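Take a look at the structure below.
Since every read-out is calculated from the coordinates, none of them should be taken as a lab result. Not measured: the values here are computed from a predicted model. Backbone-built Cβ (ideal geometry, glycine too); neighbour counts: all protein chains shown.
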Amino acid sequence: MKREIIKAKYWWRCCCDSAFGWGAAWCRDGFLLARPDYEARARERLIVLLDGFKRLGLCTEPEYAAFAKSVASEQLSHLPVLDKPGLQKLFPRLQENYKHRADVYPNATGGSTGEPVSYLRSKLQDNAGGGASYEMFKLLGWRPGMLRVSLWGSERDIGRAEKRKGWWKSLLDDTTLVGAYAPDEEVFRRFVDTIEARPGCAVYGFTSLLAECARVMVKNGWQLAPGAVGTAWVGAEAVSDAQREVFYRAFGVRLRDHYGSRECSTIAAECDHRTRHINPRYLVEAVDHATRRVLPAGEVGSLLVTDLFNEVTPLIRYEIGDLGSVDWGDCPCGRSGFCLTELTGRTAGLFELESGRKVSALFFNHLLKEFPTVLQFQVLRDGLAEFRVAYTGEALSADEQARLESVVSHLLEGARVTAVYMEQLDRSASGKLMQYRDLRDEAEG
Ligand SMILES: [Zn+2]
């Protein structure tokens, strides 16, 4: 009990310290930062962060030195962009730098995007970031005490929010998970029953799985009691208008967009007025993917994220691999600040097998973890029951290759599967690897 109190106090101090970085702005009124002095304060915080990194021998490029002396916000665009290979290269140096700090621990991406990147986080950052995330969840309609029911690919892939500790965990720990990569009606029924047993709960999950569940509910005439769902949001994939519509018909609440990543927590969350407010913990820019030129407000480009809270990994102008656009918005909900006006990055989606059963493209990710020498992969569909698994890394032995082909074929209802070693895989316009590509659609298009 005593330990819990100390932890709570620690969290409180982190969030309410009047110093900018861990200011009351994030905790007591999450969007105070969206005032006119927002930019100046964010810049000050960034300068403090950069000073710390430079002292550790990180961020040594001359552009960083110039930034620390300047006060103009345009200067941000003069700083180098950190892409995923760049972060991967930096990682051993980070580990070396922080090996004596007990509160620093490694984390890795790779849940749904298939391209694992390691980075470091700190407990201090987690505690302070909790206040910001708390506000973002409130924006999504969640309230303390609201039980959560999630439809996710698998338990292993559930987001970090489910692994939190202490105070923050006690707030968000009431999650019941229904997980399946290729759910059938029985899984969806279990999900609906779970919701019904928790009236007023918050529902969230993979976009494509929730939309498919809604379609099955409408088709079968499964109806939820009014008020069964308090609020709902999606994650991991972009959401379309058609998906929103079928979800509303089945669940009786509007489906909201939640945009986050493993490197960062909640980057943007959608309010009652369909505005995706950006978490003031992050500076988000949209740039031209090829030239890295910053695009005008509202124009879609590759998103760069600067995390003002991560003081152990320089996530500064970090290219996260999603496409979107950023603009300033004065929202009717009362919040003024930066918003994501477009978000078109990830669409893993579901695809249909010969029998009509639908499988989430995310499930390959799970499966390929069994083959540790495979670095990246892409599933290519050449015909109704004909697939290729293209992969990079080390070429598999004949035995391994046969095993891979047989496992994938089994999951794809006996389809013909060939594993192909490649030097490099094709990427989408944002530079992100598509896990599944239907070459039949591409031939038509
Ligand atoms: Zn709003």
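The shape of region 370-444 can be summarised by an equivalent ellipsoid whose semi-axes, obtained from the alpha carbon gyration tensor, come to 20, 18, 9 Å from longest to shortest. Compared with the direct C-alpha span, the chain from K99 to R440 gains 117.8 nm at full extension, assuming 0.36 nm per residue. Counting 0.36 nm for each residue step from H78 to R416 and taking away their Cα separation leaves a gain of 116.7 nm. Around the amide H of A232, modelled in the peptide plane, lie the amide H atoms of V203, R256, all under 5 Å away and 5 or more residues distant in sequence or on another chain. Computed extension length for T344-A66: 96.7 nm, one decimal, from 0.36 nm per residue of separation with the Cα-Cα distance subtracted. Sorting the segments 379-387, 318-326, 133-141 by their residues' average number of neighbouring beta-carbon atoms within 10 angstrom, most packed first, yields 318-326, 133-141, 379-387. With neighbours defined as other Cβ atoms within 10 Å of a residue's Cβ, the residues E423, E370, E342 order from fewest to most as E423, E370, E342. Residues C213, C59, C333 in ascending order of nearby Cβ atoms (within 10 Å, fewest first): C333, C59, C213. With the simple spin-label model, which puts each label point 7 Å out from Cα in the Cβ direction, the A108 to V218 separation comes to 4.0 nm. Measuring against 28 Å, Cα to Cα, the residue pairs K84/K123; K54/K138; K84/K358; K54/K84; K99/K138; K54/K123 contain K54/K138; K84/K358; K99/K138 as the ones spanning a longer distance.
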